[in-house]
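The values are calculated or read from the model by the stated rules, or taken from the named source; none is laboratory data. Please read these numbers as outputs of a predicted model, since none were measured by experiment. Methodologically, a virtual Cβ is constructed for each residue, glycine included, from the backbone with ideal geometry; neighbour enumeration extends over all protein chains shown.
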Amino acid sequence: MTKTIAVIGSGMTGLVTALSLSKYEYEVTIFSSNIKGEASKAAAGILFPLYPWKNSENMVQLCLQGKVLFDNYLKNLNKKEQEKISYQKKNLILLDENNEALNFYQKSKINFLSQKIDINNFEPCINYNQNDFIVVKDISCIDTSNLMKYMEVELKKANVQFIKKKINKTSELKKFDHIIVCAGAWSKSITNKNISLYPIKGQIIKVRSESQKVRNIILENGIYIMQRPDNISIIGATVENVGFDLKKTEEAKKLLLDQYERRFDKNYTFLDHLVGFRPTTIDNYPHIIKCNDNPKIIYNFGHNRYGVLTSFASAQIVYNLINEN
């Protein structure tokens, strides 16, 4: 008999979980509340951990496994589908190079460069006169919002049901064989458990510049700059432990624009200012486990800023948990 599975949450984690499970002929239903502040909708779509040496070894491995699985998924899309989601390969230039970063990349199998070379060979438009930086090669980048729209269409073709309904407690879904909680920063209230989870607010901005092309992802002082094929640059993100405060602040806008203007020119058009809440745990590793007192409930949340990147790797763990004896 076909198992029925409820996925609570339609962010990237929920969509990829549903996509992965639907391939195994489960009957999957996604419950979506379209709540404001969803992290996936404010994500830049950089499929690589930005500061991996600051994370635990387990989190780094989950990110790198997620990178491999996500890259495989993207490679299997046709050219038109890839263009629709702004899929491209970029290098990441880390300007705030330090010994910790260099040691990490030297020990890893990640393709990188750290020679004393002219940065203008990589990024001709940048205002930067030093030669101490690290280049991480061939990072996949996507427009997360467009990919989510594409996935929703594909999921519906695979007979996955979408129900717009806010689920307050898992007990509302007793009829399902399994319940997967993928509600991001709001997951704790749904589980009704005293579990480590809290929101970290991130603000990003979008600008358009027709006069210059930013070829790479620029990372400095915790802020990234990435330009998409439509010449829209994503600049982010702040890290704020302020609860579910949706306010877009002028302080954050100035911080991010100052970083952009520091490295590039001021000839741009401001487009948008977004807020998202990253689901964060005390140990910065997600909850991808069965509920202690009800094994039909599986948690898949708490990925902090790496929910998109780790979505396929997390979905694989969920599948394994469902099929445990």
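In the condition set (1) in contact (Cβ under 8 Å) with a residue 12 or more places away in the chain; (2) surrounded by fewer than 21 Cβ atoms within 10 Å (Cβ to Cβ), Ala6 is compliant with all but (2). Just one of the numbered conditions (1) of a type outside the set (Phe, Trp, Tyr); (2) surrounded by fewer than 16 Cβ atoms within 10 Å (Cβ to Cβ); (3) modelled with pLDDT of 95 or more; (4) assigned to a loop (DSSP other than H, G, I, E, B) is not true of Thr238: (2). Evaluate the range 160-182: report whether one residue or more is over 20 Å from Tyr306 (Cβ atoms) and within 17 Å of the chain's Cα centre (by Cα). No, because not a single residue in the range 160-182 is over 20 Å from Tyr306 (Cβ atoms) and within 17 Å of the chain's Cα centre (by Cα).
Restricting attention to the range 154-187, report how many residues are in a loop (DSSP other than H, G, I, E, B), among the basic types (Lys, Arg) and touching a residue at least 60 places away in the same chain (Cβ under 8 Å). Total satisfying the criteria: 3.
On the stretch given as the range 119-128, residues that are touching a residue at least 12 places away in the same chain (Cβ under 8 Å), loosely packed, with under 14 Cβ neighbours inside 10 Å and part of a helix (DSSP H, G or I) total 0. In the range 96-118, the residues that are within 17 Å of Tyr128 (Cα to Cα) and without any contact (Cβ under 8 Å) to a residue 60 or more places away in the chain form Cβ pairs under 6 Å with partners that are of a type in the set (Asp, Glu) and surrounded by 10 or more Cβ atoms within 10 Å (Cβ to Cβ), at six or more places apart or across chains, as follows: Glu97/Asp132. Filter the range 88-101 down to the residues that are out of contact with any strand residue (DSSP E or B) (no Cβ under 7 Å at 6 or more places or on another chain) and under 19 Å from Tyr224 (Cβ atoms), then identify the one that is modelled with the lowest pLDDT. Per the stated criteria, the residue is Asn98. When each of Lys248, Lys201 is tested for being closer than 30 Å to Val7 by Cβ, part of a loop (DSSP other than H, G, I, E, B) and in contact (Cβ under 8 Å) with a residue 24 or more places away in the chain, the lone residue that passes is Lys248. Remark: pairs (first residue in the range 55-67, free of Cβ contacts under 8 Å to residues at least 24 places away in the same chain; second residue among the aromatic types (Phe, Trp, Tyr) and part of a helix (DSSP H, G or I); Cβ separation under 9 Å; 6+ apart in sequence or on different chains) = Val60/Trp53; Val60/Phe104.
Say we look at the range 72-87 and pick out the residues that are aliphatic (A, V, I, L, M) and touching a residue at least 60 places away in the same chain (Cβ under 8 Å); which of these is surrounded by the fewest Cβ atoms within 10 Å (Cβ to Cβ)? Per the criteria, the residue is Leu74. Residue count for the range 129-153 under the criterion of being touching a residue at least 40 places away in the same chain (Cβ under 8 Å) and in a helix (DSSP H, G or I): the result is 8. What number goes with the only condition from (1) modelled with pLDDT of 95 or more; (2) within 30 Å of Ile93 (Cβ to Cβ); (3) not small (Gly, Ala, Ser); (4) not in a strand (DSSP E or B) that Ile190 does not pass? With respect to (1) modelled with pLDDT of 95 or more; (2) within 30 Å of Ile93 (Cβ to Cβ); (3) not small (Gly, Ala, Ser); (4) not in a strand (DSSP E or B), Ile190 is out only on (2).
Scanning the range 270-316 for residues that are over 22 Å from Glu240 (Cβ atoms), among the charged types (D, E, K, R) and in a strand (DSSP E or B) yields a total of 2. When Asn320, Asn267 are checked against the criterion of being assigned to a helix (DSSP H, G or I) and either of a type in the set (Val, Ile, Thr) or loosely packed, with under 15 Cβ neighbours inside 10 Å (or both), Asn320 stands alone in meeting it. Residue count for the range 205-225 under the criterion of being part of a strand (DSSP E or B) and touching a Ser or Thr at 6+ places or on another chain (Cβ under 8 Å): the result is 4.
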